[in-house]
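What follows draws every value from the coordinates through simple rules; no lab data is involved. Just so it is clear, the structure is predicted and the values come from calculations on it, not from any experiment. In this analysis, Cβ positions are derived from the backbone assuming ideal geometry, glycine residues included, and neighbour counts consider all displayed protein chains.
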Amino acid sequence: MIVRIQGPCRAMMVSSSFRRLCLSRHQANSDPESKNQTDPGSFDDFVDTLKASTATKHQTFAEMFRHSKFAQLGDFDGRMVTGKIVHRVADDLYIDVGLKFNAVCKAPAQDGDDYTVGSRVLLRLHAYELSERFLGSKKDLTLLEADATLVRLCDSRRGSIKATKQLQKIRLRGAGPLFRFPKQQLAKLQQIQ
Amino acid sequence: MQKLPHYLIRGQLGARLFSTTRLLGAVGKTRIDQQTVKEAPVRSIPGPDLLEKGTVHPEILRKYSSEELQVDDHFKLEPLLDIREMFEARLHYGHKVGTLNDNMKWALYGERLGVCVFDLELTKQYLLRALNFVAHVASRGGIILFVTTNRETMINVEQTATKLGEYAHCRRWQSGTLTNSAELVGTPIRLPDTIIFLSTITSLGDPHPAIKEAAKMAIPTVGVVDSNADPAYLTYLIPANDDTVQSVNYLLRLFNEAIVRGKSLRQKAKNRDF
C-alpha cells in the first residue's frame, strides 16, 4: 500500500533466486543422463521462481520486519504514500496509510465531493504519530493520528456519497409496504454501497 | 481435605468455589512451548504454605489442578496464531519512544526512527497463554467482560461480545462498578470472572479504572498493552498494538474462537453427563 519494493531488497531477492536457477541449470548440464530434471530455460519459469521464493518461505518476525515496507520507508518526513479514505466527517478525511494511525486531512474546496469513503489518495507524509513533549511532563502527549498533506486523488469512488444519503433516507423511512421505491434502483444503490 | 477460608468462597446463590485457575493466572515463568508430561492430578487441596509459594512459582500447584490444566495448550490454539497474519494486522506497531512506558521495554523488538516495534514472537507466546486462559474460563461457565474506550473499535467489541453471549462495557466507567456493586447495582450480584481489555488506556490517557477495581476484587484480567500503557495489575498481558482497527479485529477474532471452543467443550461435557 505504501511504496513498491525497491533498491537492495529487490536485488537481494533476484540474486538468490538467480543463484538457485543457475545451480539447477549447472546440475542439469553436468549430468546429461538425468532426464527427470526439468530444463528451466524459459524466462517465464525464472519469473515464477521470483514470486514463489518470497511467499512460501517461512520467515521469522525479524526477517519480516527487515523486508517490510515500514522499514523501507525510513524517515517519514517527505515520503509520498498512497492511502485509502476510511471515514469522512463533513470536510475531514480519515485516511489509512498502512501505519498505526490514520492521517486526518481536509478535503479541498474544489471537487471535494470526489473524496469519498473508499477512494485512494496520494499523500505527503510528515510524521508517523503526532506526539510532542510538553513542558513539565515526563512523557509525550499523543494526538493518536499521523501527519500528512493531501496531494491529489488517485482513484475516486464517485457517487458513493449520493448513494449513501439515499440509502439512509430509505432506512429512516423504513422499508414498509407504503413506501414505494423502484426495485431496480434500490438494488443498484445497494450494490454501490 | 482442608476447609477453605470463607473469603475465598464467592458468596452468592449457588456459591462458586474459588477455582485454582486464578492461582495459575499469577505472573509466572512457565513457557508455553515446553509441553509438560501428562501426570494424573492429585485429588486434594494444597496447604496454605504451598499456596503462598504458588503465588510466585505457579508450576508447583499444577499437579493439584484438574486434568484440563495439566497441559499448556489444552484448546490447541497454537495453529491459529500465525506471525505473518499478526504482521499484516499491524500488531507490531507501537507508539513513539517519547510515550514509551519503561515497564513495556521487555516486549519491544526495538525502536526504529523513534517508533517502537513489538516482538511478535513474544506477542504470540503471551497471546497463546491469554487465549487458553479465556477458553478455560468459558469452559467453566465463566462470565467474560470486554472493555475498551477506543471509539473506532468500540462497536466491534460490543458486537463480538453480544454474539458470543458475553458482556461488554465500552462507555464511561462508573467508579465503584466492581468494588461498590452492592450499592450501584444491588445484591446478590455475580461479577465477571474475567475482564478482557482491548485497550487499557481511556480516551483521556489514563489507565482504565476497571483494572485496579478488578485487581481489588481478585478478578483475573487479560489486557492488550501498547507501548505507552502500564502493565501493572493485569494478570495476562498481550503486548500488541491496540489503536489500529485491523489489530483489534484480529484479536477479537481470536478471542471469539477461544471462547467458542471453551463453550463447546462445556457443552460436550454436559451432553456426556446426560
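Of all the options B:62, B:129, B:140, the one that moves most in a Gaussian network model of chain B with Cα springs shorter than 10 angstrom is B:140. Per residue of B:107-119, other chain Cβ atoms within 10 Å of the residue Cβ number 3 on average. Count Lys and Arg as plus one, Asp and Glu as minus one, and take only other residues whose Cβ is under 15 Å from that of residue B:211; the net charge is then -3. In terms of its alpha-carbon gyration tensor, segment A:73-154 comes out prolate; a/c meets the 1.5 threshold, and the first ratio a/b outweighs b/c. Overall shape of chain B was characterised from the C-alpha gyration tensor. The equivalent ellipsoid obtained from it has semi-axes of 29, 23, 19 Å, in decreasing order. Around the Cα centre of segment A:73-154, unit charges on the Cβ atoms of Lys, Arg, Asp and Glu (plus for the first two, minus for the last two) sum to a dipole of about 220 debye. For segment B:200-274, with equal point scatterers placed on the C-alpha atoms only and solvent neglected, what are the log10 I(q)/I(0) values from the Debye formula at q = 0.14 1/Å, to two decimals? Ignoring solvent entirely, the Cα scatterers give -0.59. Within 10 Å of the Cβ of each residue in B:83-90, the mean number of Cβ atoms contributed by other protein chains is 3. Comparing B:267, B:218, B:134 along the charge dipole axis of segment B:119-274, the residue lying farthest to the positive side is B:267, per the Cβ-charge model.
In this simple spin-label model, placing a label point 7 Å from the Cα along the Cα-to-Cβ direction at both residue A:143 and residue A:109 gives a separation of 2.2 nm.
A Cβ-based charge dipole, computed about the Cα centre of chain B with Lys and Arg at +1 and Asp and Glu at -1, lands at about 900 debye. The magnitude of the dipole of segment B:167-274, with charges of +1 and -1 set on the Cβ of Lys/Arg and Asp/Glu and taken from the Cα centre, is near 680 debye.
Shielding by partners for peptide B:170-177, expressed as the average number of C-beta atoms from other protein chains within 10 Å of each residue's C-beta, is 0.
In deg cm²/dmol, rounded to 500, what helix-only [θ] at 222 nm does chain B give when every DSSP H run of at least 4 residues adds -39500 (n - 2.57) and the total is split over its residues?
-10000 deg cm²/dmol
Only aspartates and glutamates eight or more places from residue A:100 in sequence, or on another chain, were considered; those with a Cα closer than 15 Å are A:129, A:145, A:147, B:88, B:111, B:152, B:226, B:242, B:243. Summary of packing: across the peptides B:43-54, B:220-231, B:255-266, the per-residue average of other C-beta atoms within 10 Å ranks them, highest first, as B:220-231, B:255-266, B:43-54. The protection proxy used here, the mean number of other Cβ atoms lying within 10 Å of each residue, ranks peptides B:163-169, B:105-111 as follows, highest first: B:163-169, B:105-111.
Before anything else, pin down the relative contact order of chain B: Cα pairs under 8 Å, at least 6 apart, normalised by residue count, whole percent. Walk me through the intermediate numbers first.
Details: 447 pairs, mean separation 55.8, N = 274.
Relative contact order comes out at 20 percent.
Across B:214, B:138, B:182, mean-square fluctuation computed from a Gaussian network of chain B (C-alpha pairs under 10 Å connected) peaks at B:182. If R0 equals 22 Å, the separation of the Cβ atoms of residue B:206 and residue B:97 corresponds to a calculated FRET efficiency of about 0.60.
Counting only the Cα atoms, segment B:117-274 fills a convex hull of 114 Å³ per residue.
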